[in-house]
Structures are given as structure tokens and as C-alpha cells.
Amino acid sequence: MRVLHVAECLVGGVRTAIAGYIQATPDLEHVGLVSSRRDNNLSIGRLDGTSALFPLAPNHAQAVRQVSDVAREVKADVIHAHSSFAGAYSRAHLGRPAAPVVYTPHALAYGRPDFAPAKRAVYRVVESVLSRRTSVFAGCSVHESQLLNELNSTVPVVTIPNSLPPDHPAHTITWTPPERHVVGMVGRINDYRNPGLFIEAARLVQRQRDDVSFVWIGDGEDDQREALRRAGVEVTGWLDGADLQSRISGLSALLYTSAWDGFPMVILEAITSAVPTFVSDIAPLRECPADARFKDADEASRLVLEHLSNPAPLAPSWRPVLEAHAFERQREALRHAYDLAAGR
């Protein structure tokens, strides 16, 4: 079976997820049609495990045509579209689809609270229309799968849990309490990831502990990057591989402030390394333990201060999350989704 992976933003968690999908199914042939259209993305020079890698056109109309052309050229059995733009490119063409489409949103855009209600409504209508040209929905979390089923209950839904492959550096670079207290967030800097909440939590912590520093591992919007720096938060820019994992595992705690999500790879990278982890209490992250979730900056700062007063590895309450996102579960779900799409 030959799978064509389409991604408009091959960076961060989406890149890590696709790399994991490829590694989980080495018996399949994987081809990439990918882009780093936004200028602060990582290079897309390679994606290990692919037999071919094509650059996705930056123009939307061209990208729609290109998905069909490349799928036919490589004789793809399945197109696996990752995130909203790639999902549109893979399903918006006219005529018969070049191959059945498996769609993983990696966080549905119409659920984002930072978008105006009218914008969310438009996204939902678009997703609803495109759902009719989808062979299989492949949510990356239980919550995402539930939303997809509500969107169009006639399309089969398979939950493909995000997971880390056995050779991921998170399995070998483990957490030990750092000499200096550093609390971090990882991801793209934009409204979606809620840097304002991170800044406010940092201020509340530093009012009581002037020995704690804060870091944002990633990059993004210029104005928000500068707001973080003005607040005294270090911004590292994009990191990858062992460099990224070393920074995550070197944190006193991960404070994940996202306002909306699928199921973030960085949470798996942190908890696999036993990094103490606290996350926003949002619907996509309800799989995470209640004692590790916070509703606002006050709760976030309280959790961080309590942890810093008595540093300890990741709480045992995270164990069910690790089990639910095991690599073997991901492998089985991927094969099921691809077989279902291809009619096997």
C-alpha cells in the first residue's frame, strides 16, 4: 500500500506525528507532499522514511490541483491529509478523487476559541461540505474523534492516538530536577497557544519566587514573540529532535497553556520523559488527569508553586494517558484506517 501524506505546515507536532506514522508502518510505502509556507517554519528538506518528497505549491488553487496530480503520479492507494489546509486541498478538487482520503485535523479549526463566532461557523460549514468527500476520519484524540462523528456520522471514524516511536529521544533523555528553576511552554506562538496566559502565570509565580525563569520553546507571531520577551520570557526559536527533547527534559515543569488542541505531541514528549506537566483544562485535554489541569493563570501558578516547593517526577495519575497513547495502539489504528479507506 502506498500512502501520500499531505501537510501544509510541516513543523512542530504535525511533523512529529507524521514521522511517527511513517515509523509505525514501515511495511507501507510513504510519500510526502509538504510545505513550510509560513516563513518561520523549519526546513522541510527531508522526512525520514518517505520514498519521495514533493514541495507543496504555496498557492491554494495550485495546491488543490497538485494533490490530485501527485496522487495519480505516484499511484497512491490512500491520501492522508494532515490539518485544515491539507484537508481542504485533498478534498476540494472537482471530479472523482484521485485516491480515498483519510483526514486527521490535528485540532479542528472551528473549535478554536480565539476565532470569532462567525469565522468558526464558516470553518464548520466548510468542514461539513468537505466531509462528504472523506473516506475515513482519523482523529488524533478521543475528543477530536467525537467532534468528527458529530460533524458527519456517515463517515467512519478511527482514533489514531498520537504516540512516540521507540527510538524517540524522550525515551532516553529523562527528567531530573534542574539546578535552576525553569518553567516552559512548547509550540507555535499565536493566540491558539495562549501566550497571554503563560505571561500572566509567569508574573504570578515570580511575585512569590524570584528564582524561577520562564521559557517558550518555539517561534511564531512577531508581536507575540516580542510580548513574551518584554515579559522576561526566553524564546528559543524552533528546535528539533534531541535538542528539543533536551530542553523539554531540562524544565522544572511544562506549563502547557493552549486554548485549543488535538492531542499535543509535546505533552507526550514531556510525560514520556517524566517531566512534571500541567495543562489547560480544555475539552481536547480532558484525557489528562484532573490534578494536572488548570482553568486560569491563578490555578496554573498555584500548581507550579506547589510543585517547585517539593519537586517530584511526573505524577502517577498520568500513567493511563501513556498507556492510551502507546506506539502499538497507534500502529494498529493506522492500519485499520488505511485498510478501511482502501476497501481492504
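Would you mind finding the one in Ala337, Ala326, Ala341, Ala283 that is out of contact with any Ser or Thr (no Cβ under 8 Å at 6 or more places or on another chain) and more than 23 Å from Ala201 (Cβ to Cβ)?
Matching residue, one of Ala337, Ala326, Ala341, Ala283: Ala337.
Specify the residue that is modelled with the lowest pLDDT; the eligible residues are those in region 128-154 that are open to solvent by less than 10 Å² (accessible area, probe 1.4 Å) and either in a loop (DSSP other than H, G, I, E, B) or of a type in the set (D, E, K, R) (or both).
So the residue we want is Ser141.
Where residues in region 223-243 are of a type in the set (A, V, I, L, M, F, W, C) and at pLDDT 95 or above, which of them is farthest from the chain's Cα centre (by Cα)?
Restricting to residues being of a type in the set (A, V, I, L, M, F, W, C) and at pLDDT 95 or above, the top hit is Ala231.
So the check is Cβ under 6 Å with 6+ separation or different chains; which pairs have a first residue in region 201-212 that's of a type in the set (Gly, Ala, Ser) and a second one that's outside any helix (DSSP H, G or I) and surrounded by 11 or more Cβ atoms within 10 Å (Cβ to Cβ)?
These pairs meet every condition: Ala202/Phe214.
Test Glu179 against the criterion of being open to solvent by 10 Å² or more (accessible area, probe 1.4 Å), on the phi < 0 side of the Ramachandran plot, free of Cβ contacts under 8 Å to residues at least 60 places away in the same chain and of a type in the set (D, E, K, R), and give yes or no.
In short, yes.
In the set Leu228, Leu239, which member is surrounded by fewer than 20 Cβ atoms within 10 Å (Cβ to Cβ) and either part of a loop (DSSP other than H, G, I, E, B) or free of Cβ contacts under 8 Å to residues at least 40 places away in the same chain (or both)?
It is Leu239.
Which pairs do you get when a residue that is without any contact (Cβ under 8 Å) to a residue 12 or more places away in the chain, found in region 141-153, comes within reach of a residue that is assigned to a loop (DSSP other than H, G, I, E, B), reach meaning Cβ atoms under 9 angstrom, with the pair 6+ apart or on two chains?
Gln146/Gly139
Restricting the search to region 91-127, which residues are under 22 Å from Asn149 (Cβ atoms), under 22 Å from the mean Cα position of the chain (by Cα) and in a helix (DSSP H, G or I)?
The answer is Arg91, Ala109, Tyr110, Gly111, Arg120, Tyr123, Arg124, Val126, Glu127.
For Arg112, which of the numbered conditions (1) under 29 Å from Asp281 (Cβ atoms); (2) free of Cβ contacts under 8 Å to residues at least 40 places away in the same chain fails to hold?
Going through (1) under 29 Å from Asp281 (Cβ atoms); (2) free of Cβ contacts under 8 Å to residues at least 40 places away in the same chain one by one, Arg112 breaks only (2).
Out of (1) surrounded by 16 or more Cβ atoms within 10 Å (Cβ to Cβ); (2) closer than 25 Å to Ala202 by Cα, what's the single condition that is false for Asp298?
Only one criterion in (1) surrounded by 16 or more Cβ atoms within 10 Å (Cβ to Cβ); (2) closer than 25 Å to Ala202 by Cα is unmet by Asp298, namely (1).
With the condition kept exactly as written, say whether any residue in region 279-288 is over 16 Å from the mean Cα position of the chain (by Cα), open to solvent by 10 Å² or more (accessible area, probe 1.4 Å) and not basic (Lys, Arg).
Among the residues of region 279-288, at least one is over 16 Å from the mean Cα position of the chain (by Cα), open to solvent by 10 Å² or more (accessible area, probe 1.4 Å) and not basic (Lys, Arg), which makes the answer yes.
Of the residues Ala57, Ala88, Ala81, Ala52, which single one is assigned to a loop (DSSP other than H, G, I, E, B), open to solvent by less than 40 Å² (accessible area, probe 1.4 Å) and either over 21 Å from Gln146 (Cα atoms) or of a type outside the set (D, E, K, R) (or both)?
Going through Ala57, Ala88, Ala81, Ala52 in turn, just one is assigned to a loop (DSSP other than H, G, I, E, B), open to solvent by less than 40 Å² (accessible area, probe 1.4 Å) and either over 21 Å from Gln146 (Cα atoms) or of a type outside the set (D, E, K, R) (or both): Ala57.
Across region 28-47, which residue is surrounded by the fewest Cβ atoms within 10 Å (Cβ to Cβ) among those that are at pLDDT below 85 and either under 25 Å from Arg335 (Cβ atoms) or not polar (S, T, N, Q) (or both)?
Among those that are at pLDDT below 85 and either under 25 Å from Arg335 (Cβ atoms) or not polar (S, T, N, Q) (or both), it is Asp39.
Within region 301-344, restricting attention to residues that are open to solvent by less than 40 Å² (accessible area, probe 1.4 Å) and of a type in the set (Ser, Thr, Tyr), which residue is farthest from Pro166 (Cα to Cα)?
Residue satisfying both the conditions and the ranking: Ser301.
The values are calculated or read from the model by the stated rules, or taken from the named source; none is laboratory data. Values in this document were obtained by computation on a predicted structure and should not be read as measured data. Here Cβ is always computed from backbone atoms with ideal geometry, including for glycine, and neighbour counts include all displayed protein chains. Calculation scope for accessible area: heavy atoms of the full protein, side chains included, ligands and nucleic acids excluded. Shrake-Rupley method; radii C 1.70, N 1.55, O 1.52, S 1.80 Å.
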